[in-house]
Amino acid sequence: MRNPAGSIFVVHGPVDWISDRVNSRQASNGQPLLGKVSGSGCVTGTAIAVFTRVARAAAHSTGEGGFGDQLAAAVAGILVFGIAGELVAARAQERGSSRAAFIDELEKLTPEVPSRIEKRGSPRQCSR
């Protein structure tokens, strides 16, 4: 499989695998509850898209050009989604309320997210 410049491959599940075909990462945050919420996969894709676009814009604003660190950006999108899912699972009473709770948790996320990630363990580098 060819890897066009800046392409990132993600397999989302109990363990998320993120790769640019040279380097790979895995993350294990999140909750099985979100797999039962309609549209949660689309939201994951949106989170990844937002973070990768910001990485590209940052690379251009600093004069680096290119796509920026797309792998790190995709991992950040997955982790933010997973952390929000963990917070939802801790407070959502029923599956029907979890969609609204997820949106609430995403809105509450702050720059302190990296410290939450560290407490849960950062993504591991994987062999090819």
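The values are calculated or read from the model by the stated rules, or taken from the named source; none is laboratory data. None of these values were measured; they are calculated from a predicted model. All Cβ positions, glycine included, derive from the backbone under ideal geometry; neighbour counts span all protein chains shown. Heavy atoms of the whole protein, side chains included, go into the accessibility calculation; ligands, DNA and RNA do not. Shrake-Rupley method; radii C 1.70, N 1.55, O 1.52, S 1.80 Å.
Take the stretch 1-77 with all the other protein chains still there, run a 1.4 Å probe, and you get 57 Å² of accessible area per residue. Only the Cβ atoms of Lys and Arg (+1) and of Asp and Glu (-1) were treated as charged; on that basis the dipole of the stretch 1-88 about its Cα centre amounts to roughly 200 debye.
With all protein chains in place and a 1.4 Å probe, the accessible surface of the stretch 34-76 carries 62 percent carbon and sulfur. Ranking of Leu33, Leu79 by solvent-accessible surface, largest first: Leu33, Leu79 (1.4 Å probe, protein heavy atoms only, all chains present).
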